[in-house]
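Colleague: Mind having a look at this structure? Questions to follow.
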Amino acid sequence: MGFAKMSKAAGAFKSVGAIALAGALVAACSSGGGSSSSSTTSGGGGSSTKIDNSLALKYTGGSAGKASGTPINVGYVNQESGSPSYPENTQGADLAVKYINGELGGIQGHPINLVKCFVSTEEDGQKCGTQMLNDSSIKLVVTGTLVVGNASLYTVLSGKKPIIIGNGLTATDFIQTAAFTYMPGAPGVVSGLAKWIVDGGVGKVKNVAVVATNDAGAKASAQLLFAPVLEKAGITVKQVFVSPTAQGAEVQSAIKAAGGDTADVFVPITPVQGCIAVADAIKSLGIHPKVVTTGLCFGTPLIQHLGGTFPDGWYFGAYGVNYFVPPVKSIPASEELALYENVVKKYNPNMEYTGFAGPTFGNFMTVTQLMNKLGTDASVTQVADAVKGFAGPQWGIPGTPVACGQISASFPSICVGQMGIEQFKGGKWIPIADAYNNKLINAFAS
Amino acid sequence: MTTSSSTRSWATPGRIAAIIAALLGVVLLVLIFTNVNQTQALFLGLGVGALIAAIALSVTLNYQGSGVVNFAAGAIAMYGGYVYYGLRVNGQLFLPPLPNPLAPIEGIVHLAGNKSFNLPNIPVFITLAHPGAGSSSFGTIIRQPAMPVWLALLISAGVLAILGLLFHLLIFRPLRNAPVLAKVVASVGLFIIMQAIVVLRFTSSAKAVTSILPTSPTHLPRGVTLPSDQLYLVGIVVLVTLGLWALFRYTRFGLATRAAAENEKGAIVLGYSPDFLAGVNWVASTVLAGMFGILAAAINQSLDPITITLLIVPALAASLLGRFNSFIVTMLAGLGIGMLSSWIQYLSGQSWFPKAGGQPIPGLTQALPFVIIIIVLVLRGKSLPTRGSVETVKLPFAPRARGAVPTSLIGGVAVAVILFVTSPDWRLAIVNSLVGVVICLSLVVLTGYVGQISLMQMALAGISGFTLSKIADAHHIPFPFGPILGAVAAVAVGLIAGVPALRVRGVNLAVVTFAAAVTIEQMVFANPAWSGLKGAIVAPPRLFGLKFGPNDSWSKLFGGGEGLLPNPWFGVFCLVVVILLILAVVNIRSSRVGRHMLAVRANERAAAAAGVSVSGTKILAFGVAAFIAGLGGALSGYRFGSVTADYFGAIPSMLFLAFAYLGGISSVSGAVVGGIIVSGGILTTFMSHVLGIPETYTLFLAGLGLITMAIFNPKGVAGALRDSGHAIKGRLGRGTTPKADAEAEAGVHAKVGA
């Protein structure tokens, strides 16, 4: 049973007798939710799970042990408390900070202190940008996922403070020239899927049906990155867009409208709840399309919805390694992913470790590496240069090279252009074109 | 207000039902014999149609019982889904945030320095059962449900019944004789609260819900395949519709409700209590919406705070088609909208379908309700019903501002100084509030002065913002011509949207403008040909080399050096715009045009008899309000450096009406208060920075504030402050009193023709 907490500020409010009832309500309201802007320094703790830190220490360049002394502030902005929200990013960030401060010696022995700012409206994006910009102790800002407020945030910080984009979803995230992402992101994954289909990855294809959500990210992916590649190769593409809040019945209708039941390949480009709707619709309609989709689909909600499994036969395009495939010694990214899962077990076993939490964890490992190299006195300009000049590899991402601004002319913020594809078949994950079979796809290569 | 019996048109419910059925029949026959894919597409809309119909039935039931067009019906359905989810999956019943009488004691002790002092708290969940043992698969724990379906449904129904009764007793019974606007605002408040509670208790992430009805494919003739749960749902909706129809036609309770809906006075004379009838109908409609919300969640196998909630838009269209009194027409309309939407979606995949920016024109399915509403208005116009009530209170008094120029100038100078000396957070809050004041001022003109309820002001602001982005970017039109042209574009759309206002008023106009806002959001703002796939950038304002965008660097006035952003000169720019608009609106109120507006608001027939052009006054108000909103949209574009569809959507329009009402919708000072309380404005900054209230609770508190204000103080915060001032002056033996204000308003009508 959860219980409401109270705050001292609420107490002050209530001391005004005339509005005591409202105050009491406000006090009750002060429970549960976190504040929009908070500061946390964490270190150590957790269960008895033993982690071999050698891989992590080698990556970050840190010293084993607990960090102490003056904290190093790092800005962190994520979309939370509204609808939609992506709290798993913050779980990944907090986990990383706990682990780095507790076992990897922080940044040159100093603990990392996350200065958090959460966004749920466009106004918040500007507010967070202003907060990060005006705080001289913050030299670097890391984002989680923002679909509102990101344009305002980038506008405020543009060229003034470096930004590492976490899990970008909208086109705005990828057209930045002063903010960078060390993952191929939606553009890389979707372009890679198109390339793979054209190259005969699923056999001979004459027509492709696409159902995408009618939001900026999915629309841009489908129209700018996916369809043109296929159409250039003479493949017919039929796209149908559904609202981001499309329901089961609406998705069923969209699949039929796009010809998902008769096309050679059916490609849903939706977030995980859309994938759930697609999986159900396919079952309800009694159709058997060849489904190719993105890694956004294989999150915990889908596993729970399907009772502990994934849709059989589906192909998933993602970053080239997979949470559900055992690590391979020769592939550092897969071992890094396994180490991350161990850190989850030790520090926060109940968190949803799939989705965006892992990549955000990886970003903070990279931040630690960059800052360990630069030192605690580095200037904003030095940090910005280091962020742009980071040559990789990125923690948990097998794609190379990491070359910010040089991967895609259309999406200058993307620093990695390789992606991978796996298939779930017969209860097992099968490498199709990924790091496990050394066949990563160069998404933006012409 | 009277019912429309005297002006009854040819368009009776029976005829409308027959026309809809005939049209659907013809379309079906044509399709069946021509194209099986189109037939399939049409039938696949049955599921969505049934959900729309179910929520529309709840809306109609509400209206029949209490005269409230419940904008929260979709939110109630969604809430029902979460009640069921919490019980079925976790065995827990979630509770809304409740006031804790012990909290003040704890707060005072904390203030005194003892931070470790803790008293018992109010529970957030009541646990009734525990989930079964789980198994792990791919690192994910899969647990057995905590409660059987039947028990979760039963408890959910009970909870919904209690909620319905509480809605009636605490919110809508006190508003029985309130103006339509107060009821609309209260239902918007309820909408906000329901959504806020669910986000607080479950976050906004989608939850997986297991199916209740069978989902296997059902094969129909001519190769049409449908999921069986859709067919079951349609069957349930049809049965419920027939049940309601029979209830209202053949039972004493139903006849009494219909009698009260036509004329409450008559019902009272006949011995029926309208309060009792309204209460029972609130319980029934809440249970109806909530239980269908559960079925909807089970059919979608997913539940989130938005999807079901937004079905209110097509549901309102269906209810409007059913004249808010015919269950059968409402049900047919709901099914029809769902089927036609699905058909349009199918057509959008065809190569011949009109395209914009390389993709099928977006938003046509969402626009369908708007088109239907317009057709209905054209066919029926003034014959749309308005519910009879014993007595209806007018909109709040619209005071004539005294000493506006000196007050604005002194206030303006004070705010300007604060902009330069305050911290960036507060500077940003002031800028956000200033932009909010502009939008609220547009509502003061349109709703406060003329009584036209608009739920599309943010959409008009967006028209301006996107126009500004497009023309400044593509045609390099500089400041200040860009924002002015943007505002002119908003006027053009505002005038078109104002045309229906010549035919309808009150809540019907609210429905029309809400549907228009949805259409503009989906068809215009989400249209890549208009907004671009990579976002719509707004370049910062420049004038004679001066850079005063929010992110332009600036030098401190004293002490030298570069100041922190945002640039306070941008705040000054917003302030100047706000002051000019305040003086303009004050001037409108004092002028002959303002008197005409108030006369139209008070009584259109009387105004027309006094020589006022009702149509001209309404259109003028729509134009002026659109221009003001357009300037707000342009300011907003400069503020963020970009414009987005979400920011100017239908829900923000609804919220801004609520903010304006909370501030005091019929006065300029109310708009200023409204601006202070907008999201990201001065009040929310005060709440988070000074009181330490998490922003996660601001929406909940805003909804609560709206309902409280609608019930206890329709004049809004500004009106309450004004009354307090009058009372103090009255006690001191000078100044006017609220009574004098009322007399002054009465005087407006006498002077209308002057």
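Colleague: Condition check: of a type outside the set (A, V, I, L, M, F, W, C), farther than 26 Å from residue B:178 by Cβ and at pLDDT 75 or above. Does residue B:81 satisfy that?
Modeller: Working: of a type outside the set (A, V, I, L, M, F, W, C): yes; farther than 26 Å from residue B:178 by Cβ: yes; at pLDDT 75 or above: yes.
Here the answer is yes, as residue B:81 does meet what is asked.
Colleague: Among the residues of region B:121-178 satisfying the criterion of being among the polar types (S, T, N, Q) and either under 35 Å from the mean Cα position of the chain (by Cα) or surrounded by 14 or more Cβ atoms within 10 Å (Cβ to Cβ) (or both), which is farthest from residue A:345 (Cα to Cα)?
Modeller: Filtering region B:121-178 for residues among the polar types (S, T, N, Q) gives B:121, B:127, B:135-137, B:140, B:144, B:156, B:177.
Add one more test, that the residue is either under 35 Å from the mean Cα position of the chain (by Cα) or surrounded by 14 or more Cβ atoms within 10 Å (Cβ to Cβ) (or both), and what stays is B:121, B:127, B:137, B:140, B:156, B:177.
Working: B:121: 31, B:127: 27, B:137: 15, B:140: 12, B:156: 36, B:177: 59 Å.
Ranking the qualifying residues of region B:121-178, first place goes to B:177.
Colleague: Based on what the data block shows, is residue A:414 of a type in the set (Val, Ile, Thr), closer than 28 Å to residue A:313 by Cβ and in contact (Cβ under 8 Å) with a residue 40 or more places away in the chain?
Modeller: So residue A:414 fails the test.
Colleague: If you go through region A:129-170, how many residues are part of a helix (DSSP H, G or I) and free of Cβ contacts under 8 Å to residues at least 60 places away in the same chain? Can you show your working first?
Modeller: Pass one, region A:129-170, residues part of a helix (DSSP H, G or I): A:129-134, A:150-157.
Next, only the ones that are free of Cβ contacts under 8 Å to residues at least 60 places away in the same chain stay: A:129-130, A:132-134, A:150-152, A:154-157.
Result for region A:129-170: 12.
Colleague: Looking at B:186, B:182, B:178 in this structure, which one is over 30 Å from residue A:299 (Cα atoms), away from chain A (no Cβ under 14 Å) and not in a helix (DSSP H, G or I)?
Modeller: On the way: B:186 fails: not in a helix (DSSP H, G or I); B:182 fails: not in a helix (DSSP H, G or I).
Exactly one residue qualifies, and that residue is B:178.
Colleague: How many residues does region B:400-429 hold that are over 24 Å from residue B:590 (Cα atoms) and of a type outside the set (Lys, Arg)?
Modeller: Taking region B:400-429 and keeping what is over 24 Å from residue B:590 (Cα atoms), we get B:413-429.
Checking the rest, the ones that are also of a type outside the set (Lys, Arg) come to B:413-426, B:428-429.
Number of matching residues: 16.
Colleague: Do you know which residues across region A:387-414 are buried (at least 21 other Cβ atoms within 10 Å of the Cβ), outside any helix (DSSP H, G or I) and β-branched (Val, Ile, Thr)?
Modeller: Within region A:387-414, A:397, A:402, A:407, A:414 qualify.
Colleague: If you don't mind, there's one more thing I want to ask. So which residues in region B:199-244 are over 25 Å from residue A:288 (Cβ atoms) and among the aromatic types (Phe, Trp, Tyr)?
Modeller: B:202
Colleague: Looking at B:438, B:415, can you tell me which residue is part of a helix (DSSP H, G or I), surrounded by 24 or more Cβ atoms within 10 Å (Cβ to Cβ) and touching a helix residue (DSSP H, G or I) at 6+ places or on another chain (Cβ under 6 Å)?
Modeller: B:438
Colleague: Going residue by residue through region A:199-211, is there one that turns out to be buried (at least 24 other Cβ atoms within 10 Å of the Cβ), more than 24 Å from residue A:432 (Cβ to Cβ) and hydrophobic (A, V, I, L, M, F, W, C)?
Modeller: no
Colleague: Given B:619, B:579, which one is out of contact with any strand residue (DSSP E or B) (no Cβ under 6 Å at 6 or more places or on another chain), under 30 Å from residue B:410 (Cα atoms) and in the same structural domain as residue B:408 (by TED's automatic domain parsing)?
Modeller: B:579
Colleague: So, residue B:499, is that one within 30 Å of residue B:600 (Cα to Cα), in a helix (DSSP H, G or I), under 23 Å from the mean Cα position of the chain (by Cα) and within 14 Å of chain A (Cβ to nearest Cβ) or not?
Modeller: Values: within 30 Å of residue B:600 (Cα to Cα): yes; in a helix (DSSP H, G or I): yes; under 23 Å from the mean Cα position of the chain (by Cα): yes; within 14 Å of chain A (Cβ to nearest Cβ): no.
Taking the combined requirement at face value, the residue does not satisfy it.
Colleague: Something else: Among the residues of region B:182-240, which ones are within 22 Å of residue B:73 (Cβ to Cβ) and among the small types (Gly, Ala, Ser)?
Modeller: B:182, B:186, B:187, B:189, B:196, B:204, B:206, B:235
Colleague: What residue, among those in region B:606-652 that are touching an Asp or Glu at 6+ places or on another chain (Cβ under 8 Å) and outside any helix (DSSP H, G or I), is farthest from residue B:191 (Cα to Cα)?
Modeller: B:644
Colleague: Among the residues that make up region A:140-155, is at least one of them within 22 Å of residue A:366 (Cα to Cα) and either surrounded by fewer than 23 Cβ atoms within 10 Å (Cβ to Cβ) or not assigned by TED's automatic domain parsing to the domain that holds residue A:396 (or both)?
Modeller: no
Colleague: Looking at (1) closer than 28 Å to residue B:661 by Cα; (2) away from every other protein chain (no Cβ under 14 Å), which one does residue B:196 not meet, given that it meets all the others?
Modeller: (2)
Colleague: Filter region A:40-93 for residues that are on the phi < 0 side of the Ramachandran plot, modelled with pLDDT under 80 and of a type in the set (S, T, N, Q) and give the result.
Modeller: Listed by number, the residues that qualify are A:40, A:41, A:42, A:47, A:48, A:49, A:83, A:85.
Colleague: If a residue must be closer than 30 Å to residue B:584 by Cα and either more than 13 Å from every other protein chain (Cβ to nearest Cβ) or more than 18 Å from the chain's Cα centre (by Cα) (or both), how many such residues does region B:678-710 contain?
Modeller: Qualifying residue count, region B:678-710: 9.
Colleague: Restricting attention to region B:649-679, and to residues there that are touching a residue at least 60 places away in the same chain (Cβ under 8 Å) and farther than 30 Å from residue B:401 by Cα, which single residue is surrounded by the most Cβ atoms within 10 Å (Cβ to Cβ)?
Modeller: The extreme case among them is B:650.
Results for (1) closer than 18 Å to residue B:243 by Cβ; (2) touching a residue at least 60 places away in the same chain (Cβ under 8 Å); (3) out of contact with any Ser or Thr (no Cβ under 6 Å at 6 or more places or on another chain); (4) surrounded by fewer than 24 Cβ atoms within 10 Å (Cβ to Cβ), shown as yes or no for each residue.
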| position | (1), (2), (3), (4) |
| --- | --- |
| B:291 | yes, yes, yes, yes |
| B:296 | no, yes, yes, no |
| B:303 | no, yes, yes, no |
| B:309 | no, yes, yes, no |
| B:322 | yes, yes, no, no |
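Colleague: Only residues in region B:142-165 that are free of Cβ contacts under 8 Å to residues at least 40 places away in the same chain count as the first member; pair them with residues that are crowded, with 18+ Cβ neighbours inside 10 Å, Cβ under 7 angstrom, at least 6 apart or cross-chain, and list the lot.
Modeller: Once the first residue is free of Cβ contacts under 8 Å to residues at least 40 places away in the same chain and sits in region B:142-165, its partners that are crowded, with 18+ Cβ neighbours inside 10 Å give B:142/A:304.
Colleague: Within region A:209-253, can you find the residues that are among the aliphatic types (A, V, I, L, M), at the interface with chain B (Cβ under 9 Å from one of its Cβ atoms) and touching a Phe, Trp or Tyr at 6+ places or on another chain (Cβ under 6 Å)?
Modeller: Once the filter is applied, which keeps residues that are among the aliphatic types (A, V, I, L, M), at the interface with chain B (Cβ under 9 Å from one of its Cβ atoms) and touching a Phe, Trp or Tyr at 6+ places or on another chain (Cβ under 6 Å), region A:209-253 yields only A:209.
Colleague: Still on this structure, I have one more. Please state which one of B:138, B:94, B:125 is at the interface with chain A (Cβ under 8 Å from one of its Cβ atoms), touching a residue at least 60 places away in the same chain (Cβ under 8 Å) and touching a Gly at 6+ places or on another chain (Cβ under 8 Å). It would help to see each step written out before you state the result.
Modeller: Working: B:138 fails: touching a residue at least 60 places away in the same chain (Cβ under 8 Å); B:94 fails: at the interface with chain A (Cβ under 8 Å from one of its Cβ atoms).
Only one candidate passes the filter, namely B:125.
Colleague: For residue B:615, all conditions in the list (1) more than 11 Å from chain A (Cβ to nearest Cβ); (2) surrounded by fewer than 24 Cβ atoms within 10 Å (Cβ to Cβ); (3) closer than 30 Å to residue A:154 by Cβ hold save one; what is the number of the exception?
Modeller: Every listed condition holds for residue B:615 apart from (3).
Colleague: May I ask you to verify whether residue B:620 is surrounded by fewer than 24 Cβ atoms within 10 Å (Cβ to Cβ), within 25 Å of residue A:244 (Cα to Cα) and more than 9 Å from every other protein chain (Cβ to nearest Cβ)?
Modeller: Details: surrounded by fewer than 24 Cβ atoms within 10 Å (Cβ to Cβ): yes; within 25 Å of residue A:244 (Cα to Cα): no; more than 9 Å from every other protein chain (Cβ to nearest Cβ): yes.
For residue B:620, the condition - surrounded by fewer than 24 Cβ atoms within 10 Å (Cβ to Cβ), within 25 Å of residue A:244 (Cα to Cα) and more than 9 Å from every other protein chain (Cβ to nearest Cβ) - is not met.
Colleague: Please indicate, with yes or no, whether at least one residue in region A:329-350 is free of Cβ contacts under 8 Å to residues at least 60 places away in the same chain, more than 23 Å from residue A:106 (Cβ to Cβ) and touching a helix residue (DSSP H, G or I) at 6+ places or on another chain (Cβ under 6 Å).
Modeller: no
Colleague: For region B:560-605, which positions are assigned to a loop (DSSP other than H, G, I, E, B), of a type in the set (Gly, Ala, Ser) and within 14 Å of another protein chain (Cβ to nearest Cβ)?
Modeller: Answer for region B:560-605, where residues must be assigned to a loop (DSSP other than H, G, I, E, B), of a type in the set (Gly, Ala, Ser) and within 14 Å of another protein chain (Cβ to nearest Cβ): B:561, B:563.
The values are calculated or read from the model by the stated rules, or taken from the named source; none is laboratory data. Bear in mind that the values here come from a model prediction, so they are computed numbers and not experimental data. Methodologically, a virtual Cβ is constructed for each residue, glycine included, from the backbone with ideal geometry; neighbour enumeration extends over all protein chains shown.
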